[in-house]
Amino acid sequence: MLMGNTDAGPAASSCGLRPCIYLQGILNLIDCGVFVLENGQVTVFNRAAEKLTGIKAGEVVGRDINEVCRRHAICRDLFNGSRAVRGQLKGPGGLPLQVDRTFVAGALVVTLQNAETPRRTRSHGLEAKFRFSDIVGHSAMIQETIREARKYAHSEATVLITGESGTGKELFAQSIHNESSRREGPFVAVNCAALPENLLESELFGYEEGAFTGARRGGKPGLFTLAHGGTIFLDEISELSPALQARLLRVLQEKQVMPVGGQRVYPVDVRIISATNQDLKKLVKEGRFRKDLYFRLNVLNLHIPPLRDRLEDVPALFRHFLGRLAGTSNLDLPRAEDNWPHLLKNYLWPGNVRELEGFAARYAALGEEDVSTRATFRKLFNKLTGLEVPVETAHKKKIVIELGNMNEMEKQIIIEAQKIIRGGKSELAKVLGVSRTTLWKKLRELDDEYRRAAGFGNRKD
C-alpha cells in the first residue's frame, strides 16, 4: 500500500507493500514528511520529507539504511534503533521536528513535521502581507512589470529585484512569495545595510552556544533557518561585505548553512529574492561585488520602474494612500473624476512611491481648509516643489513652436507636449486628442534627431 516518491520511481516491496499510483500522489501532496523503511531499505520518501530534511528522495530511496545514515546525520536520528517512539529532534539549523515512529505491516513508518513553523510564523510576523492585487497602477509599464513578476512566482529560481529607493521592491517580493508554491511557508525580510558585519553574520546564519561573548545559551537559529520551507528577502544586497558574499554564495551552491562557531552544516530549503538600488554590474567591474554571486542572484531579473516614468499612476496612488490614511477624519477624499490630483504629475517624485505616500500622510494629517480651492493641497505641493504652481493642470500649459509646414509643426507639438505630459504615451495621446495607435504612427515618423530630443529612444511604457 505504500510506495516510493514519484521522482525516484516506485520501489518494490518484499513484505507485501505494493506501489500504488493513487497513494503515491496523495503522499506527495500532504504537508507531513513520510519515510518508510522495509527490510533495511528506504522505500518511501515524499516531497514534504525532502523539504523538512533538505535531502533529495533520489539520494535515499532504494538504498540500504546503513549507507543512508552514514551520508546523512539527520537520518541517523530519525531511524535511531528502529524503535517505535514519539518525540522531537533537531532538524536543519537546530529547529525542532515532531517525529513519530511506528510499525505498519512489518515496515517502520516515520512521519515528521516542523514543530515550530506555525507558532514561529505567527509570533515573529514571518509572513508576507502584500499581494499583486495590492499594487496600484494601470500604466502599461507597471502592468508589464506585474505580469513578469507573476511568471517568476511559479519558478524556484533566485530573483534579483532592481529599482530606485522607494519604488516598492519589497512589495513585489512579498507578492511573488504569496503567489508561489511556498506561500504557506515563512517570509523573512532582511536589510543587509541595517546591521554591522559581525551581527549580520550571526543573524543570517545563527550561532552555536559559546560562539562569542554574549552568545545566548543553547545558541540561536539564523534567519536562513527561520525561512526554511519559505522565502528569504535580502534587501540592499549590494551592502554585503566580501566575507558575507562568500558565505552567501556557499548557501546558494550547497543549500546548507553553518552557524557561527558550529562544526556541522544544516540543509535549508529556501528561495532567495534579493533587491538593490545600486548597479551591481558596475560594482562587479569595480571589484566590490563577486561576479559568481551576481550571476547566482541574477537568474531572474525584475526592474521596478521609477514613479517619474509612470506619472499617469500618481493620481490613483494618491487616492489610494489618502483612503488608507484618512481613517475616521472628515477629509474629503478625491473621486476618480476629480482633476486636482493630476497636479501631482507636474513633480518627478525623486523619492518615488515612498515620497508620494509621505505627501499624502501630511495632507491627511492637516485636512483641507477649503475644499472649493484645495488651498491646503496647493500649499503643501508648492512647498514640496519650491515653485508656485498655478491651479490649472499641465494640460492647460502653453507651448511655443516655430512656424513651418504642417508636418514639421506637428512634430514640434508632439516633442514639446512630451516635455510637459510625463504620464506616458497613453496620457500624451489623451491630451493631444488622438488615439494611442495614431500617436504611435506619428512617433515612428519622427527622425532620429527628433526621437532623441523627445526622449523616446529608450523609453518603455
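The values are calculated or read from the model by the stated rules, or taken from the named source; none is laboratory data. Note that this is a predicted model, so its numbers are computed, not measured. So basically every Cβ, Gly included, is an ideal-geometry build from the backbone, and we count neighbours across all protein chains shown.
Can you confirm whether VAL299 is crowded, with 18+ Cβ neighbours inside 10 Å and either at pLDDT 95 or above or in the same structural domain as SER202 (by TED's automatic domain parsing) (or both)?
Values: crowded, with 18+ Cβ neighbours inside 10 Å: no; either at pLDDT 95 or above or in the same structural domain as SER202 (by TED's automatic domain parsing) (or both): yes.
So VAL299 fails the test.
Six or more apart or on different chains, Cβ atoms under 8 Å: show the pairs whose first residue is in the range 170-184 and at pLDDT 95 or above and whose second is surrounded by fewer than 20 Cβ atoms within 10 Å (Cβ to Cβ) and acidic (Asp, Glu).
From the range 170-184, the pairs are LEU171/ASP134; SER175/ASP134.
Determine whether the range 253-263 contains at least one residue that is small (Gly, Ala, Ser) and more than 23 Å from SER155 (Cβ to Cβ).
Our first condition is that a residue be small (Gly, Ala, Ser); within the range 253-263, this holds for 261-262.
Okay, now just the ones that are also more than 23 Å from SER155 (Cβ to Cβ), so 261-262.
Yes: one or more hits.
Do we find a residue being within 18 Å of PRO221 (Cβ to Cβ) and either outside the structural domain of GLY222 (by TED's automatic domain parsing) or surrounded by 13 or more Cβ atoms within 10 Å (Cβ to Cβ) (or both) anywhere in the range 279-286? Spell out how you get there, then give the answer.
In the first step, residues of the range 279-286 are kept if they are within 18 Å of PRO221 (Cβ to Cβ); the result is none.
So far as the range 279-286 goes, no, none of its residues is within 18 Å of PRO221 (Cβ to Cβ) and either outside the structural domain of GLY222 (by TED's automatic domain parsing) or surrounded by 13 or more Cβ atoms within 10 Å (Cβ to Cβ) (or both).
Please determine whether any residue of the range 121-138 is outside any loop (DSSP other than H, G, I, E, B), at pLDDT below 85 and more than 19 Å from the chain's Cα centre (by Cα). Lay out the reasoning, then the answer.
Taking the range 121-138 as the starting set, the residues that turn out to be outside any loop (DSSP other than H, G, I, E, B) are 121-124, 132-134.
Subsequent filtering for residues that are at pLDDT below 85 retains 121-124.
Of the ones still in play, those that are also more than 19 Å from the chain's Cα centre (by Cα) are 122-123.
So far as the range 121-138 goes, yes, one or more of its residues are outside any loop (DSSP other than H, G, I, E, B), at pLDDT below 85 and more than 19 Å from the chain's Cα centre (by Cα).
Output the number of the condition that MET1 fails; it satisfies all remaining conditions of (1) at pLDDT below 55; (2) of a type outside the set (S, T, N, Q); (3) more than 16 Å from THR102 (Cβ to Cβ).
Every listed condition holds for MET1 apart from (3).
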